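A short worksheet on the structure shown next.
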Amino acid sequence: MNEAREHNVRTVLRAFAEIFPEAQKALVMRAPGRINLIGEYTDFNEGFVLPASVDREVLMAFAPRADKKCVLHSLNFDNVVEFDTDKIQPDKNDPWGNYPKGVVNEFKRAGAKLIGFNAVILGDVPAGGGMSSSAAVEAVTALCVKMLARSVLPASRLARLCQKAENDFAGVRCGIMDQFAVLCGKEKKAMLLDCRTLDVAQVTVPDELRFLVLNTKIKRDLASSEYNVRRFQCEESVKVLKRYFPFIKAIRDVSIHDFERVKEKLDPVHVKRVRHVVCENERAKNAATLLGKKDMDGFGALLYESHESLKNDFEVSTPELDFMVEEARGTEGIYGARLMGAGFGGCVLVAAQEEKAKEAAQKIAARYEERFHIKPDVHACAIVDGAGLVKCETQWQEILLEKAENK
Ligand code: GLA
């Protein structure tokens, strides 16, 4: 176990022992954050994405209760969410509780035999930092509930369940990418995921490539409403495209050639949206091939193209994100960069040469700070396995000993 995890596991178990002194021995589940190499706004268009799970994670220490209550303490938010499995309601003003609530609710709808549980949550996936902290909270809850309910749902079904929870309880009509990446990631691999079939092709990420996430620290309130608008525009476009190509189900089924033939029939804004999705699907597939061939320059060029398309055609960028990407272009050791995730603030993904990555990121961060007077967060990411149980027998014994000594 690495040092950061070891420390966090101890913290979360110690907190669990203090908060729930009467409870049974807890187990610890973990779910990582994710990066997306390329393939943005393609998931809900049933297209292709290339994400990977990374070494920031949410831990949940949990144990069953005798009643139907779920009591969850967040150490990050320093607050408690409590609900009964018989009565689960979303709460608009709750910053994090809707994610676990939504997940428990989905298990209930799927007919699972629910029991109550106590839990303590601690995470180092930056909240609102574009690395899917919400999907990590959903996934970690889903694995705990799965174990308690003795459910046999496979990871891909859990991803769908978590996506539904986010759609219904958090009100964001997100696609499947984040939840799938967090639950199904593999160490040192990026996944080329077909968001229609959920088929995955694993792509080995070359050791000489390093991914960094630079957070602009700009958060736009309109992010979730604009996200839903984009989704609606894509759906409206499909309705028009169906008149010419009756067999299509989603933009994923439209080729660049088809698009060129009928684009005049679309509303001008929809032309841009569809062009982004059609080309981004191609870029995601090509990027996976180039990565497999260790063609880092070719791969990096696709990241810059993706950013241009997100900026000009999908219109989800901001001056801060554009600035970071432009700075990356001029910095030695960087292959490519682009806004990552939903946009409207959030973060930029930088693909850099292993040995120059840190210095390059610091340069961009310094220029960003000079220009916007905001110090961006920089995260160097390692690609790790997706969500699962943490083996922590020893920690428990030590904590029990500590408790006994302090008595
Ligand atoms: C968010 C959503 C994902 C995906 C991206 C954009 O991260 O949760 O489903 O749509 O935005 O690619």
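Each reported figure results from applying straightforward, stated rules to the coordinates on display, with no laboratory input. Computed from a predicted structure; not experimentally measured. Please note: Cβ atoms are built from the backbone with ideal geometry, for glycine as well, and neighbour counts cover all protein chains shown.
Couple of notes before you dig in:
- Whole-angstrom gap from the stretch 29-107 to the stretch 208-274, using each part's C-alpha centre: 27
- Amide H contacts under 5 Å for residue 345, placed H, 5+ residues apart: 318
- The GluC sites (Glu not before Pro) of the stretch 204-311 meeting both criteria, a DSSP state outside H, G, I, E and B (loop) and at most 15 other C-beta atoms within 10 angstrom of the site's C-beta, are 208.
- Cα-based helix-to-principal-axis angle, 268-292 vs the chain, degrees rounded to 10: 70
- Shape category assigned to the stretch 145-193 from the gyration tensor of Cα positions, a/c cut at 1.5: oblate
- Projected-area mean, the stretch 187-256, by convex hull of Cα positions, square nanometres: 7.8
- Highest average packing first - 241-250, 266-275, 289-298, 209-218, Cβ atoms within 10 Å: 209-218, 266-275, 289-298, 241-250
- Checked against a 23 Å cut-off, the cross-linked pairs 164/311; 68/101; 69/101; 242/265 give Cα-Cα distances beyond that limit for 164/311.
- Under the Karplus curve 6.51 cos²θ - 1.76 cosθ + 1.60, θ = phi - 60°, whole-Hz ³J(HN,Hα) for the stretch 232-248, x wherever Gly or Pro sits: 4, 4, 5, 5, 5, 4, 4, 4, 5, 4, 4, 5, 9, 10, x, 8, 6
- Taking a ≥ b ≥ c as the square roots of the eigenvalues of the alpha carbon gyration tensor, the stretch 118-226 is rounded, as a/c is under 1.5.
- Sequence-distant aspartates and glutamates (8 or more away, or on other chains) whose Cα lies within less than 16 Å of residue 108: 67, 84, 86, 138, 166, 168
- J(HN,Hα) series, the stretch 185-201, from Karplus relation 6.51 cos²θ - 1.76 cosθ + 1.60, nearest Hz, glycine and proline x: x, 10, 3, 6, 10, 9, 10, 7, 9, 8, 6, 8, 9, 6, 6, 10, 10
- Within the chain, DSSP assigns beta bridges of which about 90% are antiparallel (rounded to the nearest 5).
- Rounded to the nearest Hz, the phi-derived 3J(HN,Hα) couplings of the stretch 70-77 under the Karplus curve 6.51 cos²θ - 1.76 cosθ + 1.60 (θ = phi - 60°) are 10, 10, 10, 9, 9, 6, 5, 8, where x marks glycine and proline.
- At the listed q of 0.18 Å⁻¹, the Debye profile of the stretch 1-153, built from one uniform point per Cα, gives log10 I(q)/I(0) equal to -1.11.
- The share of C-alpha pairs in the chain whose separation exceeds 31 Å stands at 39 percent.
- Qualifying chymotrypsin sites (Phe, Trp or Tyr not before Pro) for the stretch 344-390 [loop in DSSP, other Cβ within 10 Å: at most 11]: none
- For residue 49, the residues 5 or more places off, or on other chains, whose built amide H falls under 5 Å of its own are 193, 195.
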